[in-house]
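See structure below.
The values are calculated or read from the model by the stated rules, or taken from the named source; none is laboratory data. Every value quoted in this text rests on a predicted model; they were computed, and no experiment measured them. Heads up, the Cβs are rebuilt from the backbone with ideal geometry, glycines too, and the neighbour counts pull from every protein chain shown.
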Amino acid sequence: MNLEVEFTYEIAEKLADKAVFEKTGKYLSDVEKIIIKGAWNGDKYHEIAK
């Protein structure tokens, strides 16, 4: 039985959103999600900022 699960961006975003909410009482904003996704993809700052 194989119990391995691929750690995808979607899973990472949900975990980050939950962690931020637990600490601050607020969820990630759309801009914060865009920045995290860009970092996940290895994009440079100027690419994310477009």
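Mind listing just one residue for me: the one in the stretch 1-22 that is in a loop (DSSP other than H, G, I, E, B) and of a type outside the set (Phe, Trp, Tyr) and, of those, farthest from Gly38 (Cα to Cα)? It comes out as Met1.
Once the stretch 30-50 is narrowed to residues that are of a type in the set (Asp, Glu) and assigned to a helix (DSSP H, G or I), the residue that is surrounded by the fewest Cβ atoms within 10 Å (Cβ to Cβ) is Asp30.
Screening Tyr27 against (1) of a type outside the set (Lys, Arg); (2) in a loop (DSSP other than H, G, I, E, B); (3) at pLDDT below 95 leaves a single unmet condition, (3).
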